[in-house]
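Heads up, the thing below is written out as structure tokens.
The values are calculated or read from the model by the stated rules, or taken from the named source; none is laboratory data. Only a predicted model underlies this, so the values are computations on that prediction, with no experimental measurement involved. Cβ atoms come from the backbone with ideal geometry, glycine included; neighbour counts cover every protein chain shown.
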Amino acid sequence: MSVDSIQPYGPDRSVVGKLRRRLVKLYARRPARRGPQDRPWLSVTFDDAPTTATTVGAEILKAHGAKGAYYISAGLLGLDGHMGPYAEWSDVERLHAEGHEIGCHTLDHTDLGPAGAEITRDAVSTNRAALEAHGIPSPTTFAYPYGDVSFAPKAVLAPRFDLLRALHHGVIERGVDLNQAPSVGMEGPEGEQTARTWLRRAAERKAWLILTAHDVQAQPSPWGCTPDALRRIVKEAVDRGFEIITVAEGARRVA
């Protein structure tokens with residue numbers, strides 16, 4: 001089987017769309033009560049679980065004694081997509097057994113930018129239930145598919161998760177909104193340089209940086225990165241003294 005449900009994201013460029021994206025950042029906020037104190041933190045996350053992220057990506061983290069966070073859309077598992085094949089349930093179960101965080105997406109990668117409250121509840125509840133049915137503890141963090149969200153979904157999800165991850169650039173420090181937490185993509189031709197630039201910023205500020213990608217392969221999709229790039233990014237983080245933690249652990253610490 002194949003899946004074409006995840007297409008290159010095209011944000012609503014209308015005046016209404018631009019205004020909504022600006023204003024939703026001010027809505028249903030949950031400011032972090034604290035940030036890192038003595039050293040910066042790094043979380044490495046993978047969205048949608050292409051098989052290469054669960055194998056190659058996990059092995060790279062393992063080489064540094066680190067764990068990642070995998071945001072799963074259960075409806076994609078076992079299918080083929082434009083980032084390569086998606087993981088099987090056995091891969092997700094293995095990741096959990098190895099200590100990686102299994103985070104929540106929407107069941108079929110539903111975009112929460114135009115979604116209402118009912119669609120959001122259904123898309124998230126069914127995904128969560130599917131994970132639990134396979135022995136995965138109920139996720140405590142969530143990643144917005146495509147990084148987008150509107151007012152109703154943000155309000156619906158805020159009490160259900162300890163952190164909701166978006167895709168606008170930034171680091172997490174005291175006062176940053178945990179219901180629309182920033183992250184930096186290590187994706188595409190400029191992804192490695194962008195990630196390393198933000199590593200330096202986070203190190204200087206002793207802040208928490210969340211990095212994200214999808215596939216990890218020699219010829220990645222526009223949303224992926226190469227194994228060598230990921231190795232260099234993780235090595236630089238270790239060399240700069242970052243503590244590499246899961247998103248769930250970071251959310252627990254800053255709440």
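Overview of values
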| read-out | value |
| --- | --- |
| Members of segment 189-218 that are more than 17 Å from the chain's Cα centre (by Cα) and among the small types (Gly, Ala, Ser) | ALA202, ALA203, ALA207, ALA218 |
| Unique residue being acidic (Asp, Glu), out of contact with any helix residue (DSSP H, G or I) (no Cβ under 7 Å at 6 or more places or on another chain) and surrounded by fewer than 24 Cβ atoms within 10 Å (Cβ to Cβ) when the list is GLU192, GLU204 | GLU204 |
| Residue in segment 197-251 that is modelled with the lowest pLDDT, counting only those that are in a loop (DSSP other than H, G, I, E, B) and of a type in the set (Phe, Trp, Tyr) | TRP223 |
| Test result for LEU167, under 23 Å from ALA255 (Cα atoms), crowded, with 17+ Cβ neighbours inside 10 Å, free of Cβ contacts under 8 Å to residues at least 60 places away in the same chain and touching a strand residue (DSSP E or B) at 6+ places or on another chain (Cβ under 6 Å) | no |
| Selection count, segment 1-58, where residues are β-branched (Val, Ile, Thr) and modelled with pLDDT of 95 or more | 7 |
| Only listed residue being closer than 22 Å to LEU167 by Cβ, touching a Ser or Thr at 6+ places or on another chain (Cβ under 8 Å) and touching a residue at least 12 places away in the same chain (Cβ under 8 Å), chosen from GLY113, GLY35 | GLY113 |
| Yes/no for GLY84 being more than 19 Å from the chain's Cα centre (by Cα), on the phi > 0 side of the Ramachandran plot and in contact (Cβ under 8 Å) with a residue 24 or more places away in the chain | no |
| Test set (1) more than 15 Å from the chain's Cα centre (by Cα); (2) surrounded by fewer than 20 Cβ atoms within 10 Å (Cβ to Cβ) - VAL92 fails condition number | (2) |
| Some residue of segment 56-65 being in contact with a strand residue (DSSP E or B) (Cβ under 7 Å, 6 or more places away or on another chain), under 17 Å from TRP223 (Cα atoms) and either touching a residue at least 24 places away in the same chain (Cβ under 8 Å) or surrounded by fewer than 17 Cβ atoms within 10 Å (Cβ to Cβ) (or both) | yes |
| Test set (1) more than 19 Å from HIS214 (Cα to Cα); (2) in contact with an Asp or Glu (Cβ under 6 Å, 6 or more places away or on another chain) - TYR146 fails condition number | (1) |
| Some residue of segment 59-69 being more than 30 Å from ARG240 (Cα to Cα) and over 14 Å from the mean Cα position of the chain (by Cα) | no |
| SER221 vs. criteria over 17 Å from SER43 (Cα atoms), crowded, with 18+ Cβ neighbours inside 10 Å, in contact with a His (Cβ under 8 Å, 6 or more places away or on another chain) and not hydrophobic (A, V, I, L, M, F, W, C) | yes |
| Scan of segment 36-54 for residues that are within 16 Å of LEU131 (Cα to Cα) and part of a loop (DSSP other than H, G, I, E, B), ordered by number | ASP48, ALA49 |
| Scan of segment 117-149 for residues that are more than 19 Å from SER90 (Cβ to Cβ), at pLDDT 95 or above and assigned to a loop (DSSP other than H, G, I, E, B), ordered by number | SER138, THR140, TYR144 |
